[in-house]
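Beneath this line is the structure, given in structure tokens, with notes to follow.
The values are calculated or read from the model by the stated rules, or taken from the named source; none is laboratory data. Here the structure is a predicted model, which means the values were calculated and not measured. Note: ideal-geometry Cβ built from the backbone for every residue, glycine included; neighbour counts use all protein chains shown.
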């Protein structure tokens, strides 16, 4: 059974095999967790993401897309860049949940048993807290194979508190 943990803090400081970053459709590491990743670990990740788009003759990816890459010089084995917004940064609980499920499955298939995850759609994305909580409630209720531990981290203390209320032992 997967154990869920919800923290108020810096996602990049969470020890885990895999990382789920909230990404924009252009896969630019321009803000949020992706921007912090760029500042902390350098531009190699950005170069790979732009090459990934060029290799596929794309300028952007559709909402719900997840691009999985190696963790490079970070402590994470793999990083899933999860696009849970559209080009206007709009989102909803269904899109967020679908994007998480895809990212979690990809990381699990890559051998990541512990995962640190951003709160998708809650930064530049304009997801209301109650919509986000609905998506997480559905995820918690769904068994995940080959994933032992998931930590969702947010810099929003109120959201971290609301998330903790979803599971009595988190």
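Below is a table of values for the structure above.
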| item | result |
| --- | --- |
| Answer from 153, 108 - the residue that is at pLDDT 90 or above and either in contact with a strand residue (DSSP E or B) (Cβ under 6 Å, 6 or more places away or on another chain) or under 19 Å from residue 63 (Cβ atoms) (or both) | 153 |
| Selection count, the stretch 3-14, where residues are surrounded by fewer than 19 Cβ atoms within 10 Å (Cβ to Cβ) and part of a loop (DSSP other than H, G, I, E, B) | 2 |
| Lone unmet requirement of (1) at pLDDT 95 or above; (2) closer than 19 Å to residue 35 by Cβ; (3) touching a strand residue (DSSP E or B) at 6+ places or on another chain (Cβ under 8 Å) for residue 75 | (3) |
| Subset tally (residues that are surrounded by fewer than 23 Cβ atoms within 10 Å (Cβ to Cβ) and either touching a helix residue (DSSP H, G or I) at 6+ places or on another chain (Cβ under 7 Å) or not in a helix (DSSP H, G or I) (or both)) for the stretch 126-152 | 17 |
| Filter result (in a loop (DSSP other than H, G, I, E, B), in contact (Cβ under 8 Å) with a residue 24 or more places away in the chain, within 15 Å of the chain's Cα centre (by Cα) and surrounded by 13 or more Cβ atoms within 10 Å (Cβ to Cβ)) within the stretch 15-31 | 16, 17, 23, 24, 25, 27, 31 |
